[in-house]
Amino acid sequence: MKNIIITGGAGFIGSHLVRLMVNKYPEYRIINLDTLTYAGNLANLKDIEDKPNYVFEKADICDFEAVNTLFTHYRPDGVIHLAAESHVDRSIKDPFAFARTNVLGTLNLLQAAKLAWEGKMAGKVFYHVSTDEVYGSLEAGGGFFSEETKYDPHSPYSASKASSDHFVRAYHDTYGLPVKISNCSNNYGSYQFPEKLIPLFINNIRHNKPLPVYGKGENVRDWLFVEDHAGAIDLIFHQGKVGDTYNIGGFNEWKNIDLIRVLIRVTDRLLGRPEGSSEKLITYVTDRAGHDLRYAIDSSKLHKELGWSPSLQFEEGIEKTVKWYLENQEWLDQVTSGVYRDYYQKMYE
Ligand code: NAD
Ligand code: DAU
């Protein structure tokens with residue numbers, strides 16, 4: 001049995017990836033290494049937690065001894081690293097937390113992998129999951145991010161992710177660690193913590209709460225259904241070239257305000273309200289500091305080399321997503337209550 005460590009497997013994207021890998025590869029033991037911050041929730045994995053090829057290990061990637069002990073114990077054949085602080089607004093409030101987890105945490109994992117694999121790197125893979133935000137910001141209508149685009153991060157979050165990407169490449173170039181990196185655009189779908197735009201707004205529409213649109217709502221994001229991201233990670237992990245970077249995105253750009261109007265229409269309809277009636281909840285608020293204007297990913301390398309394309313049209317993905325949040329109010333209440341709520345409120349006081 002091959003041992004694959006997935007870090008951050010209790011989070012949004014990580015839980016979709018763990019589910020995919022556990023169900024698709026009974027010959028792999030999937031070890032979910034997660035410290036369960038406010039964003040990590042084992043309820044995300046209820047349906048697979050009893051599978052014989054799934055193990056959960058509660059550990060903090062910032063704790064080198066803990067990470068190294070797990071690597072020594074499991075001798076992993078592969079690592080897929082998603083654990084991170086992931087919310088840009090939080091990074092503006094507490095940049096140190098982002099440097100710790102995203103930079104130091106990644107370095108700890110790289111070092112543990114290097115020690116575990118020294119002299120036997122062949123066939124091993126250290127896959128680092130990164131973001132398109134490392135490339136900076138594009139002008140409206142001004143091209144796409146390719147794998148060759150120069151790094152130009154602006155927020156503490158994207159600076160920490162860029163730094164972690166550099167460490168991953170440094171371990172490849174210096175020590176021969178067999179690494180792969182992907183940089184993906186904005187994900188949407190089930191199990192996303194409701195601080196991010198889409199789940200926050202669906203929940204607020206349902207409860208008739210204001211929808212805080214930053215600035216004029218003119219910023220553009222490139223949206224990909226989370227299960228398509230998980231599928232791309234699976235493909236790159238197995239078939240991508242060691243040492244290479246792959247951009248992942250669905251050529252699906254939306255201006256925030258246009259996306260919000262779509263969300264309002266779909267949510268109103270599914271709640272049995274007149275479509276568009278919740279537009280009255282739109283509230284323009286102070287812009288995010290250093291708000292990147294536009295992200296747009298060119299994923300043609302992934303398409304040409306590995307044959308990947310997204311499986312879902314955006315309209316279908318949004319419909320599924322809104323339905324999921326409306327049918328899973330209990331999940332939303334759980335992740336925003338108790339310890340989760342305490343942590344969340346402290347951040348925003
Ligand atoms: P998330 O915030 O939903 O989940 C992060 C997970 O990491 C949680 O389960 C959390 O408990 C865990 N974690 C955090 N700190 C940890 C630590 N010190 N030790 C162990 N576990 C820790 O994040 P997400 O949106 O699922 O993003 C996952 C990865 O994908 C991140 O690396 C992020 O940068 C990247 N990414 C996200 C998006 C997106 O749109 N969400 C897009 C591209 C790339
Ligand atoms: O591009 C990939 C990145 O996408 C990931 O690396 C990050 O982990 C992920 O959080 C996401 O970052 P964004 O900052 O783009 O996502 P967020 O959902 O926070 O915001 C999306 C857009 O909506 C952004 O332009 C800010 C705006 N926004 C967001 C919130 C939460 C609002 O206008 N109002 C809000 O309340």
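The values are calculated or read from the model by the stated rules, or taken from the named source; none is laboratory data. What you are looking at is a predicted structure, and each value in this text was computed from that prediction instead of being measured. Neighbour counts run over all protein chains shown; Cβ positions are idealised from the backbone, glycine included. Heavy atoms of the whole protein, side chains included, go into the accessibility calculation; ligands, DNA and RNA do not. Shrake-Rupley method; radii C 1.70, N 1.55, O 1.52, S 1.80 Å.
Sorted into 10 angstrom bins from 0, the C-alpha pair distances of the chain split as 5, 25, 36, 24, 8, 1, 0 percent. Counting pairwise Cα distances across region 1-153, what percent come out greater than 28 angstrom? In whole percent, the long-distance tail amounts to 25. Could you compute the net charge surrounding residue 66? Neighbours are other residues with a C-beta less than 11 Å from the C-beta of residue 66; K and R count +1, D and E count -1. Result for the local shell: -3.
The H on the amide N of residue 59, modeled in the peptide plane, is under 5 Å from the matching H of 34, 35, each at least 5 residues off or on a different chain. The GluC sites (Glu not before Pro) of region 190-281 meeting both criteria, a DSSP state outside H, G, I, E and B (loop) and at most 16 other C-beta atoms within 10 angstrom of the site's C-beta, are 218, 275.
Within the accessible surface of the chain, defined with a 1.4 Å probe on protein heavy atoms only, the carbon and sulfur portion equals 52 percent. The Cβ shell under 10 Å around residue 32 holds other residues with a net charge of -2, Lys and Arg each +1, Asp and Glu each -1.
Which of the aspartates and glutamates could a cross-linker bridge to residue 320, judged by Cα under 16 Å and excluding same-chain residues fewer than eight apart? Excluding near neighbours in sequence, the set is 227, 228, 268. In this structure region 91-227 gives 37 Å² per residue of accessible area when probed at 1.4 Å with all protein chains present. In nm, what is the difference between 0.36 nm times the number of residues separating residue 49 and residue 77 and their Cα-Cα distance? 7.9 nm is the gain from fully extending residue 49 to residue 77. DSSP bridge analysis restricted to the chain gives an antiparallel fraction near 5%, rounded to the nearest 5.
The calculated Kirkwood hydrodynamic radius for region 147-264 is 16.5 Å, given to one decimal from all distinct C-alpha pairs. Other residues within the sphere of radius under 13 Å centred on the Cβ of residue 313, judged by their own Cβ, net out at -3 (K and R +1, D and E -1). Among the listed pairs 161/196; 24/301; 24/150, which have their C-alpha atoms separated by more than 27 angstrom in this model? With Cα atoms farther than 27 Å apart: 24/150.
Only helical runs count toward this figure. For the chain, summing -39,500 (n - 2.57) over DSSP H runs of n ≥ 4 and dividing by all residues gives -12500 deg cm²/dmol at 222 nm.
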